[in-house]
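This report refers to the structure that appears directly beneath it.
The values are calculated or read from the model by the stated rules, or taken from the named source; none is laboratory data. Since the model is a prediction, treat every value here as computed from it, not as a measurement. Every residue, glycine as well, gets a Cβ built from its backbone with ideal geometry; the counts of neighbours run over all protein chains shown. Remember, those area values only see protein heavy atoms, side chains included, never the ligands or the DNA or RNA. Shrake-Rupley method; radii C 1.70, N 1.55, O 1.52, S 1.80 Å.
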Amino acid sequence: MKNRPANIILPLIIFLCLSGLTVVLWQDYTEHDEEIMRRHTETTAEQIHMRLEDFIEERLSSLEVLADRWVERRPPDFSYTRYRQFAETYFKHYPGFQAINWVDTDGFIRWVYPEKQNYAAKDKNMHNHPETAVRESFARAEKDRTYVITPCITLCQGGIGFASYWPLVYDGKMQGYINGVFNISSVVKLRTGENIFDEFRLALYEGDRLIYQHGFDKELMASNRSVRATREIHFRGKTWRLELEPLRITAKNELAAYLGLENPTRLMFLFFGLMLSTGLSFLLYSFMHRMQMYQVARDQALYEVNERKRAEQEIQNLQLYNRRLIETNLDPLVTFDQKGIILDVNEGTIKATGRTREELIGTLFADYFTDPEKAHKGAMLVFESGEVRDYELVMKGDGSETIVSYNASVYKDQTGQVVGAFAAARNITDQRRLEQERQVFIKELSDKNEELETFVYSVSHDLKTPLVTIEGFIGAMREDFGNQISEDQEKYIKYMSDAALKMEALINDLLEFSRIGRMTEKKRKFSFAGIVKELLKTLQPQIQARGIEVDIQEDLPDIYAEKKRFIQVMENLLTNAVKYIGKENPCPRIDIGVQDRNGQNVFFVRDNGIGIEEIYFEKIFQVFQRLPSAKKAGEGTGIGLAIVKRIIEHHGGSVWVTSKPGEGSTFFFTIKHQQF
Ligand code: ADP
């Protein structure tokens, strides 16, 4: 069964959807967050802007008021005490000043308040101030007798700030200057409060110059932030630029900022969103995987159950089939164990023994035979040699006896262990009876044959006696009445004499024929070619007379036979070949050889003589059968081939002919191989 791969598509889709949703929500959240932050920054920037603008304006206005009040006094009082009173009061009620100084008409800072923090500025001459902008501003105040505000400078008290100079003109005469100094850091801290720096970073520019910053570094100030509020602070002709940015945007690069690495909540949101997506997808995957495993296991189990059912069904069918096969068999079939105890039987056994199945099972196999010892031996032999073939026993039936031939073999269990033997009996009672009858019949037949042959022999023998008498008297007649015998008489006497001679030849042949099988000699091995050559020598005169070409195959095998009889066979065949070669044959030829047919030697004598019609192929091997064409060819008794057939068959072989009239004949024969 195929193992299906876990379905990863659905969990993957779920993961992608959830992750996508998380990212969308995260982005939305980020944008929303950013929007809030932007608004908050804008509002705060506006607040700071207003506060700073109002504050500086207010402080400058207070200085203006101070300068006015100073000069408005009648009688005038430009004493240090009065200055001190003013400075103390202003310092107290208008916090935010770095210093409130009095500068004399020569440009020297004479009085400073508070003294401790501003001691460094005392007695400094404005005309010699290191900052050009300050010197120029002061010169303008001197010249125009109007207030001036310096650009932002590095204060000698430390930090960055700016100063304002308010000329004190009394009765058209210059009395000095009120000098208000502001430290931007102090101003910012005072007006914005420290808390703001927990949330924002802030920068103030005057023109391009950074005059205050908190929380920025240079690099970031240059960057173009998405959340940054900018405001312009205007007071008394001065313009400052305020830049405010939420503190959380302090990441070292944009990507980190974009990803919200600075905002733990956002980051957590994204992280948990993705974790949740992964977790849910994984849970789904595990669930599906488990489901799939369960399905596979269930399918496997179902498959196995079905397979088992099928196997059981098959076993049942097989058992039924085997049982039917066993029962269909009419022969007795039994199985027995290694002690010879019957384990199972078929109907055939029940019928043959006349016992029930229950009676038979568990009893000894050998007990149902006339010779239990032989039966038990046979049963044990099966286990010794694995099988027993054609083991003959006589089975005891219900009042009858059956001759059976047992074929038995062991059968094994799955481990290859022999568990029993299967024995099938064949009833051979009829076969045995028929065999006995056949034997008796054969015996009778051979007795009769022998009798007949003896009779033929004695008849032939007996017939020779009167023939000799006839021939003797014909001779005597010729001797005694030779001169008195007329020509016609002589002709008749010759007919009689020829007939007697022919009769004698026939009787001799018959005698010879009857001797075959009765009078045997010992078989031995000899050269086939040698015999052929010897015979051809005898036939040489006829062969020469007819100009016959004879060809003997080389390497002819040796023969194992009764030599004299075999010579007779070859003599008859060769004589016939020469005899029936045909008078008009232009190139008479005889071939002697052997062929191999399926491993058997088939000898042949072939001539290209007168040939034989197919209808006579059998007949010519019968006694005294001559064909009409033979009579023209020459002398013969018609027994030669009958003798050949009888000798060949006596040697366990067969003889046959193939021929076509006018084309020649081939006589084939086989003889049994030598048996050692
Ligand atoms: P026969 O004494 O007549 O030769 P055989 O028994 O030897 O008697 O032969 C029987 C007959 O078979 C012959 O009369 C002849 O007609 C035929 N025959 C035998 N051999 C040949 C042959 N080689 N060619 C043609 N006919 C043959």
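Based only on the alpha carbon positions, what is the Kirkwood hydrodynamic radius of the chain, in angstrom?
This gives a value of 42.6 Å.
If R0 is 22 Å, what FRET efficiency do you get for Lys309 and Tyr411 from their C-beta distance, rounded to 0.05?
0.25
Round to the nearest 10 and give me the degree value, 0 to 90, for the angle of helix 429-481's Cα axis relative to the longest principal axis of the chain.
Between helix and principal axis, roughly 40 degrees.
Calculate the translational D of segment 263-380 in whole µm² s⁻¹ from Stokes-Einstein, where the hydrodynamic radius comes from the Kirkwood formula applied to all Cα pairs, the temperature is 4 °C and the viscosity 1.567 mPa s.
Taking Rh from Cα pairs, D becomes 63 µm²/s.
Over the Cα atoms of segment 54-139, Rg to Rh with Kirkwood Rh, two decimal places?
That ratio is 0.96, to two decimals.
If I stretch the segment between Arg209 and Gln622 completely, what's the gain in nm (0.36 nm per residue apart, minus their alpha carbon distance), one decimal?
Roughly 133.4 nm would be gained on extension.
Pick out, from Ile671, Asn407, Gly611, the residue whose Cα sits farthest towards the positive end of the charge dipole of the chain, with +1 on the Cβ of Lys and Arg and -1 on the Cβ of Asp and Glu.
The residue sitting farthest along the positive end of the dipole is Asn407.
For the cross-link pairs Lys522/Lys645; Lys502/Lys583; Lys502/Lys645; Lys525/Lys579, which exceed 27 Å when the distance is taken from alpha carbon to alpha carbon?
Beyond 27 Å between Cα atoms: Lys525/Lys579.
Please give the helix 372-385 orientation as an angle from the longest Cα principal axis of the chain, in degrees from 0 to 90, rounded to the nearest 10.
Rounded to the nearest ten degrees, it is 50.
What is the sum of charges around Leu556, taking Lys and Arg as +1, Asp and Glu as -1, for the other residues whose C-beta is under 15 Å from the C-beta of Leu556?
Net charge in that neighbourhood comes out at -4.
Give me the percent of the accessible area of segment 317-369 that comes from carbon and sulfur atoms, probe 1.4 Å, all protein chains in place.
Using a 1.4 Å probe with all protein chains present, segment 317-369 comes out at 57 percent carbon and sulfur.
Under a crude label model (7 Å from the Cα following the beta-carbon direction), how far is Lys116 from Leu445 in nanometres?
Using points 7 Å along Cα→Cβ, the separation is 16.2 nm.
Pairs of Cα atoms under 8 Å, at least six residues apart: use those to get the relative contact order of segment 531-676, whole percent.
Averaging sequence separation for qualifying contacts and normalising by length gives 24 percent for segment 531-676.
In nm, give the distance between the simple-model label positions of Gln484 and Phe271, each being 7 Å from the Cα along the Cα-to-Cβ direction.
In this crude label model, Gln484 to Phe271 measures out at 16.8 nm.
Pairing the Cα long axis of helix 528-538 with the longest principal axis of the chain, what angle in degrees results, from 0 to 90 and rounded to the nearest 10?
Between helix and principal axis, roughly 30 degrees.
Return the aspartates and glutamates within reach of Lys122: Cα separation strictly under 14 angstrom, same-chain partners fewer than 8 residues apart disregarded; answer none if there are no such residues.
Within the straight-line limit of under 14 Å, Lys122 reaches these aspartates and glutamates: Asp104, Asp106.
Would you mind calculating the gained length between Arg433 and Ser654 on full extension (0.36 nm times residue separation, minus the Cα-Cα distance), in nm to one decimal?
The span from Arg433 to Ser654 would gain 76.5 nm if fully extended.
Net charge within 15 Å of Lys502 by Cβ-Cβ distance, Lys/Arg positive one each and Asp/Glu negative one each, not counting Lys502 itself? Walk me through the numbers before you get to the answer.
Values: positive: Lys464, Lys494, Arg626, Lys631; negative: Glu471, Asp498, Glu504, Asp509, Glu635.
Once all neighbours under 15 Å are counted, the net charge is -1.
What is the sum of charges around Ser79, taking Lys and Arg as +1, Asp and Glu as -1, for the other residues whose C-beta is under 13 Å from the C-beta of Ser79?
Result for the local shell: +3.
Quick check for you: with a 1.4 Å probe and neighbouring chains kept, what is the accessible area per residue of the chain, in Å²?
It amounts to 59 Å² per residue over the chain.
With just the Cα atoms of segment 484-597, tell me how far they stretch along each of the three principal axes, in Å, largest first.
63, 44, 23
Any idea which of Gly340, Thr43, Gly653 is furthest toward the positive side of the dipole for the chain, if Lys and Arg beta-carbons carry +1 and Asp and Glu beta-carbons -1?
The residue sitting most towards the positive pole is Thr43.
Which values of log₁₀ I(q)/I(0), to two decimal places, follow from the Debye formula for segment 488-553 at q = 0.14 Å⁻¹ with a uniform point scatterer at every Cα?
-0.82
Spin-label point model (7 Å from Cα, Cβ direction): what's the Asp344 to Met291 distance in nm?
About 5.0 nm separates the two model spin labels.
May I ask you to give the percent of accessible area on segment 170-219 that is carbon plus sulfur, with a probe radius of 1.4 Å? It would help to have the intermediate numbers written out before the result.
Numbers: 1000 of 2330 Å².
Answer for segment 170-219: carbon and sulfur cover 43 percent of the accessible area.
Need the C-alpha centroid separation for segment 599-623 versus segment 520-592, integer Å.
Using only Cα atoms, the two centres lie 15 Å from each other.
Test of understanding: what is the full-extension gain from Leu302 to Ser186, defined as 0.36 nm times their sequence separation minus their Cα-Cα distance?
Going from the current span to full extension adds 33.0 nm.
For segment 628-676, state which GluC sites (Glu not before Pro) are in a DSSP loop and have at most 12 other beta carbons lying within 10 Å of their beta carbon.
In loop regions of segment 628-676 (DSSP not H, G, I, E or B), the sparsely surrounded GluC sites (Glu not before Pro) are Glu635, Glu663.
Let's see if you can work this out: charge +1 on each Lys and Arg Cβ, -1 on each Asp and Glu Cβ, no other charges. What is the dipole magnitude of the chain about its Cα centre, in debye to the nearest 20? Let's see the in-between values first.
Details: 87 positive and 97 negative charges, 413 e Å.
The calculated dipole for the chain is roughly 1980 debye.
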